[in-house]
Amino acid sequence: MNRRTEILASSLLLIGLTACNLTAPGNPSAIPWDTLRSTSTIATLPSGGHPGASQTPTPATPTHSPTPTVDPRAVPRLEIGTALDILRLEMLDAQNGWGIGGPRASGNASRVFRTGDGGASWIEVTPPESVPSAGVELSAAIGYFTDTQTGWVTYHAFLPSSVPENPVVWRTVDGGATWQAGSVLDTSGLMETYWVSHIVFSGPQNGWLLAHVGAGMNHDYVSLYRSTDGGADWSRVIDPTVDGGIQSCTKTGLAFSDGSNGWLTGNCNGVRPGAFLFQTKDGGVHWEPTALTAPADQPELFTADHYACGVHAPFLTGNQAYLGVECADMGNPSAGNNSYFYRITSGGVPVPQTYPGGDLFTLDGNRIWALGREIFRSDTAGVSWTKLATVTWDGQFDFVDAQLGWAAVRKGSEYGLVQTADGGSYWTQLAPVVAGP
């Protein structure tokens, strides 16, 4: 599946970078699931039920049942039948997918799971990362998964902490049955904090890891690591002391279409005008700012000081990058956001198109979702948009076809897993549990 398959789970409290992370856990309680039902604006009720609603599947054991390799120092496996919170997920098809989460109502995101029944039950396949101290679980994992067998996972402390001595990236090629640690990431000279927001791969060999290592004065200092051998060896290609423009502003996304071409997005929170977008053509060693064409009706959108623009994480399909840009007029806060999306191809000039705002998701470039608390979809490559629903929660969404999708959701300090069978108009609750081999 040639699309972005990035899974992340980390904290909004970490130096204030919110784009790709989950909030720190509070004291979660059961979500009132009736509030998760969306308010559909177009659907009609068929006889005897809600539009697109499906019955919660009966938990079943996935076809592949890996026997995990467990280090005695690692976090012990959860018991079969334990209720789960899936905080991030990547579904590969109607049945198979990966998730990151932990026990129900824990807010923990340190464990890795696989499902083979559409999200009803999950086999734990957590890498054998050592527990940092007696009785304390690792609380933030981030992963990238390309198919049912292959994935990469790394860890960082949930709250801001000192730089770890020997951080590694774990790799599996057998669905999590076994994991191999890559080379230790070079953290020499890093002295403030360390947390990872992105692992991305453009293919089986080329991968990148973005670590945030300090903040201050509207700077989000990062180190970028690269692997060219499938995650066995990692080298640091960008240091926080090497600016090149990318060390300023909050980073929101990282994506590579191949071993050379990549994009880095961000949000400057109104400190400077313009849209934070950088592009590399040499695998991340050098980054150059990329100017976006301003819409005809807003010619000063990216130059006037009174506009504050943020760029959502890029969504890749094939060799195209989809970017959502939302700009607020600080001189007229009641005016609302100006939202545009851009389709970027190699050598092409991106033309702005209006869109409702939110994260972009597409499977084919023609049908595009705009995802937030208001869910929209375009079936005309962004020419027109239809509002599907209004929801009361924030979600990390994933679709495998025009109708079937999931969202790992959060409302306050509570988490849930919901599913749609009608493209996003109506969402039903799943009750994920740990399955046995």
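Suppose we filter region 264-283 for residues that are farther than 17 Å from ASN319 by Cα and assigned to a loop (DSSP other than H, G, I, E, B); how many remain? The number of residues fulfilling the criteria is 9.
If only one of LEU371, LEU363 is within 19 Å of the chain's Cα centre (by Cα) and crowded, with 17+ Cβ neighbours inside 10 Å, which one is it? Testing whether each residue is within 19 Å of the chain's Cα centre (by Cα) and crowded, with 17+ Cβ neighbours inside 10 Å leaves just LEU371. When you go through ALA157, ALA83, ALA120 one by one, which is the residue that is at pLDDT below 95 and either out of contact with any Asp or Glu (no Cβ under 9 Å at 6 or more places or on another chain) or among the aliphatic types (A, V, I, L, M) (or both)? Matching residue, one of ALA157, ALA83, ALA120: ALA157. Considering region 216-228, the residues that are touching a strand residue (DSSP E or B) at 6+ places or on another chain (Cβ under 9 Å) and surrounded by fewer than 19 Cβ atoms within 10 Å (Cβ to Cβ) include one that is modelled with the highest pLDDT, namely THR228.
Do any strands (runs of 3 or more DSSP E) lying entirely in region 367-424 carry at least 2 residues that are among the β-branched types (Val, Ile, Thr), and which ones are they? Show your work before the answer.
Details: elements: 368-371, 374-378, 386-390, 394-399, 405-411, 414-420.
Those strands (runs of 3 or more DSSP E) span 386-390, 414-420.
Among the residues making up region 246-292, those that are under 22 Å from ASP186 (Cα atoms) and over 23 Å from the mean Cα position of the chain (by Cα) are ASP282, VAL285, HIS286.
Considering only region 399-435, how many residues are among the polar types (S, T, N, Q), crowded, with 22+ Cβ neighbours inside 10 Å and over 29 Å from ARG77 (Cβ atoms)?
Residues of region 399-435 among the polar types (S, T, N, Q): 403, 413, 419-420, 425, 428-429.
With crowded, with 22+ Cβ neighbours inside 10 Å added as a condition, the list becomes 419-420, 425.
Then drop every residue that is not over 29 Å from ARG77 (Cβ atoms), which leaves 420, 425.
Summing the residues that are among the polar types (S, T, N, Q), crowded, with 22+ Cβ neighbours inside 10 Å and over 29 Å from ARG77 (Cβ atoms) in region 399-435 gives 2.
SER183 falls short on exactly one of the conditions (1) closer than 23 Å to THR428 by Cβ; (2) touching a Phe, Trp or Tyr at 6+ places or on another chain (Cβ under 6 Å); (3) polar (S, T, N, Q); (4) surrounded by fewer than 22 Cβ atoms within 10 Å (Cβ to Cβ), and that condition is (1). Of the strands (runs of 3 or more DSSP E) lying entirely inside region 307-360, those carrying at least 3 residues that are within 22 Å of ASN218 (Cβ to Cβ) are 307-311, 320-329.
So, in region 231-263, exactly how many residues are under 12 Å from VAL200 (Cα atoms) and part of a strand (DSSP E or B)?
Just the residues of region 231-263 that are under 12 Å from VAL200 (Cα atoms), to begin with: 231, 253-259, 262-263.
Retained after the next criterion (residues that are part of a strand (DSSP E or B)): 253-256, 262-263.
Counting residues in region 231-263 that are under 12 Å from VAL200 (Cα atoms) and part of a strand (DSSP E or B) gives 6.
The values are calculated or read from the model by the stated rules, or taken from the named source; none is laboratory data. The structure presented is a predicted model; accordingly, all values stated were derived computationally and were not measured. Methodologically, a virtual Cβ is constructed for each residue, glycine included, from the backbone with ideal geometry; neighbour enumeration extends over all protein chains shown.
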